[in-house]
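The values are calculated or read from the model by the stated rules, or taken from the named source; none is laboratory data. Keep in mind that this is a model prediction, so the values were computed, not measured. Reconstructed Cβ throughout: ideal geometry from the backbone, glycine too, with neighbour counts over all protein chains shown. Just so you know, the surface numbers come from the protein's heavy atoms only, side chains and all, with ligands and any DNA or RNA stripped out. Shrake-Rupley method; radii C 1.70, N 1.55, O 1.52, S 1.80 Å.
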Amino acid sequence: MTNKTVLHAKHLEAGAKMVDFFGWDMPINYGSQIEEHHAVRRDAGMFDVSHMTIVDVKGPQAQAYLRYLLANDVAKLQDKGKALYSGMLNEAGGVVDDLIVYFFDDTNYRLVVNSATKQKDLDWLAAKAEGFTVTITERDEFAMIAVQGPNAKAKAGQLFSAAQNEAVAGMKPFYGVQAEDLFIATTGYTGEAGYEIMVPNDQAADFWQALLDLGVAPCGLGARDTLRLEAGMNLYGQDMDETISPLEANMGWTISWEPQDRNFVGRDVLTAQKTAGTDKLVGLVMREKGVLRAGQKVTVEGGEGIITSGTFSPTLGHSVALARVASSVTDHAEVEMRKKWVTVDVVKPSFVRNGKSVL
Amino acid sequence: MSNIPAELRYAASHEWVRPEGNGIYTVGITEHAQELLGDMVFLDLPDEGDQIAMGDDVAVAESVKAASDVYAPITGEVIEVNEDLEDSPELVNSDPYGDGWLFKVKADDISEVESLLDADGYAESIEDE
């Protein structure tokens with residue numbers, strides 16, 4: 001059984017090439033993946049991310065539950081609408097999923113989790129809720145459209161009501177606000193400014209069309225992958241999964257170690273791993289011809305590793321990758337490509353921000 | 001259904017061959033092949049003067065999706081390569097039978113070309129995939 005988002009017909013209408021994405025029939029591109037990528041870096045593009053799962057967590061113990069469930073600490077959230085990125089870990093310290101949590105008050109939060117892991121996540125959320133007074137509700141009455149790029153906010157703003165524009169005026173990155181029918185968040189997966197907008201299902205096609213009429217380019221999963229990789233953002237299932245610790249996935253910054261008496265799932269194992277040391281996720285840059293690909297072997301000073309995500313970077317004009325390698329890594333690595341070993345640069349896992357190289 | 005010009009000959013591995021006269025043939029990849037590969041990012045072409053034999057992997061078409069070998073459809077000497085692809089690999093996507101050609105071969109044995117598929121044969125071969 002193939003799932004379809006409420007925007008499926010709009011994708012077909014635009015001539016999208018559709019692929020199966022973990023049970024969802026989704027657009028991979030609408031012609032040229034590279035042109036879609038450039039549209040987001042230079043102007044404005046949009047993605048149908050309605051397949052992602054929205055879950056509301058409410059109740060007197062919502063905060064206590066999330067402080068136990070997540071490696072990052074929702075108690076840090078003080079401003080209404082502020083969002084937090086976190087791993088949701090298992091007892092072995094592996095990543096069950098990565099997610100964004102929005103704070104409204106201590107009894108009211110919203111999570112956005114991956115579609116590929118939807119049922120597993122819902123089961124996990126329910127299992128860990130035992131003993132907490134919370135209600136967990138999936139909100140599948142919303143579609144979600146990500147509008148991203150230097151001109152994305154201005155273009156989307158033309159579709160907002162006066163009240164909605166007032167609600168988002170001056171909103172900093174990583175906040176979300178319910179404004180009339182829309183939940184508008186300054187989040188994204190591209191390294192550009194923009195919004196992720198939750199729209200009631202019955203309004204989604206019209207909203208998509210209105211963005212299209214404003215010249216916002218529809219972008220598929222192909223461009224979404226090259227954009228997130230240039231931005232150094234992990235893809236669940238590829239750069240980390242249940243067998244990988246956040247410490248090995250460049251997610252150390254999402255673990256709140258303080259206060260030390262906060263118990264969260266996986267904490268003991270993470271503490272031991274931190275003492276013992278782990279592999280780490282780095283960026284690789286190859287300026288010569290060729291494309292680094294997931295699964296290629298890497299040799300570094302004092303150890304080995306593997307490329308978890310690799311691509312041609314349309315913004316930079318050469319290949320970049322994320323690789324998990326021994327922590328003894330220096331500033332060069334060797335990658336096995338098509339039966340020969342190629343020397344590449346090792347950098348922090350971030351390549352492009354706001355349209356510009358950060359190399 | 002992708003475009004398969006009737007005047008060309010084809011290898012089942014998705015290369016096309018066009019006679020230019022004097023035993024010279026232009027080689028490229030088909031529209032179907034570029035559709036499968038997606039946006040092209042690099043072409044690794046043979047050198048002028050290389051001797052190539054039918055079935056050898058002589059070039060690599062690297063797209064956003066994958067690196068794919070290109071096989072010599074005929075035996076002979078490479079006499080010219082498409083230098084424009086160095087800066088504009090997307091020509092293989094936008095004009096696979098025209099500006100997106102890969103290289104030209106002086107054939108050792110022009111009867112080899114007769115053993116390649118015609119347009120109908122190639123159309124059938126990709127339907128079976």
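Here are a few things to note about the model shown:
- Between amide H atoms placed 1.01 Å from N, distances below 5 Å from A:VAL347 occur with A:GLY283, A:LEU284, A:VAL285, all of them 5 or more places distant or on a separate chain.
- Note on A:ARG262 and A:GLN203: their simple-model spin labels are 3.4 nm apart, each label 7 Å out from Cα toward Cβ.
- When both segment A:86-136 and segment A:1-56 are represented by their alpha-carbon centers, they are found 25 Å apart.
- For A:ALA210 and A:ALA162, a Förster radius of 22 Å and the Cβ-Cβ distance give a FRET efficiency of 0.85, rounded to the nearest 0.05.
- Per residue solvent-accessible surface (Å²) - segment A:193-337, probe of 1.4 Å: 38 Å²
- Kirkwood hydrodynamic radius (C-alpha pairs) into Stokes-Einstein, segment A:5-159, 10 °C and 1.306 mPa s, D in µm²/s: 92 µm²/s
- Extension reserve of the A:GLU288-A:ASN108 stretch, reckoned as 0.36 nm per residue once the Cα distance is removed: 59.8 nm
- Cα-based convex hull, segment A:320-359, per residue volume (Å³, whole number): 85 Å³
- Separation of alpha-carbon centers, segment A:285-349 and segment B:6-42, rounded to whole Å: 32 Å
- Cα gyration tensor shape for segment B:1-61, rounded if a/c is under 1.5, else prolate or oblate: oblate
- For segment A:229-276, the equivalent ellipsoid derived from the Cα gyration tensor has semi-axes of 22, 12, 10 Å, listed largest first.
- Separation between Cα centres of segment B:86-129 and segment A:156-227, rounded to whole Å: 44 Å
- Listed residues A:VAL320, A:VAL298, A:VAL101, most fluctuating in chain A (Gaussian network, C-alpha, under 10 Å): A:VAL298
- ³J(HN,Hα), Karplus 6.51/-1.76/1.60, whole Hz, each residue of segment B:121-126, x for Gly, Pro: x, 5, 4, 5, 5, 7
- Dipole magnitude of chain A, debye to nearest 20 (Cβ charges: Lys/Arg +1, Asp/Glu -1, about Cα centre): 900 debye
- Under 5 Å, built H, 5+ apart or other chain: amide partners of A:LEU292: A:THR311, A:VAL320
- Here the accessible area of segment A:228-348 is 49 percent carbon and sulfur, with a 1.4 angstrom probe and all protein chains present.
- Among the residues of A:25-33, the average count of other protein chain beta-carbon atoms within 10 Å of the residue beta-carbon is 2.
- Placing unit charges on the Cβ atoms only, positive for Lys and Arg and negative for Asp and Glu, gives segment A:58-216 a dipole magnitude near 420 debye about its Cα centre.
- Prolate/oblate/rounded call for chain B, Cα gyration tensor, a/c under 1.5 rounded: oblate
- Inter-label distance for B:VAL113 and B:GLU80, nm, one decimal - labels placed 7 Å from Cα along Cα-to-Cβ: 1.5 nm
- Environment charge of A:LEU221, counting only residues whose C-beta is closer than 14 Å and scoring Lys/Arg +1, Asp/Glu -1: -2
- Whether segment A:206-359 is rounded, prolate or oblate, judged on the alpha carbon gyration tensor where a/c under 1.5 counts as rounded: oblate
- Relative contact order, whole percent, for chain A stands at 18, derived from Cα pairs under 8 Å and 6 or more residues apart.
- Förster radius 41 Å - calculated FRET efficiency between A:LEU359 and A:MET171 (Cβ-Cβ, nearest 0.05): 0.85
- Portion, in percent, of the accessible area of segment B:7-129 that falls on carbon or sulfur, probe 1.4 Å: 42 percent
- Shielding score for A:335-343, defined as the mean number of other chain Cβ atoms within 10 Å: 1
- Charge dipole of chain B about the Cα centre (unit charges at C-beta), most positive-ward option of B:LEU45, B:VAL70, B:VAL27: B:VAL27
- Across segment A:187-276, Cα-Cα pairs more than 23 Å apart make up 48 percent of the total.
- The slack in the chain from A:GLN78 to A:GLU180, taken as 0.36 nm per residue of separation less the alpha-carbon distance, amounts to 34.4 nm.
- Loop chymotrypsin sites (Phe, Trp or Tyr not before Pro), segment A:2-108, which have at most 13 other Cβ atoms in a 10 Å radius of their Cβ (DSSP): A:PHE22
- In this label model, A:LYS120 and A:ASP331 are separated by 3.8 nm, measuring between points 7 Å along each Cα→Cβ vector.
- Remark: segment A:148-162, residue by residue, has Karplus-estimated 3J(HN,Hα) of 9, x, x, 9, 5, 5, 5, 5, 4, x, 5, 9, 7, 6, 4 Hz, where x stands for each Gly or Pro and the curve is 6.51 cos²θ - 1.76 cosθ + 1.60 at θ = phi - 60°.
- Close amide H pairs (under 5 Å, H built 1.01 Å from N) link A:SER50 with A:MET144, residues at least 5 positions away or on another chain.
- Taking trypsin sites (Lys or Arg not before Pro) across segment A:284-344, the ones in a DSSP loop with at most 15 further Cβ atoms lying within 10 angstrom of their Cβ are A:ARG287, A:LYS289, A:ARG338, A:LYS339.
- Karplus-based coupling profile of segment A:90-96, in residue order and whole Hz: 8, 5, 8, x, x, 8, 5, with θ = phi - 60° in 6.51 cos²θ - 1.76 cosθ + 1.60 and x standing for Gly or Pro.
- Listed residues A:HIS38, A:HIS11, A:HIS332, most fluctuating in chain A (Gaussian network, C-alpha, under 10 Å): A:HIS332
- Peptides B:78-87, A:226-235 ordered by average Cβ neighbours within 10 Å, highest first: A:226-235, B:78-87
- Rounded percent of accessible protein surface that carbon and sulfur make up, segment A:63-122, 1.4 Å probe: 49 percent
- Probing with 1.4 Å while keeping every protein chain in the model, the per residue accessible area of chain B equals 46 Å².
- When Rg and the Kirkwood radius Rh are both evaluated on Cα atoms of the protein assembly as shown, their ratio Rg/Rh stands at 1.03.
- Beta-bridge orientation, chain A: approximately 95 percent antiparallel, per DSSP, counting only bridges with both partners inside.
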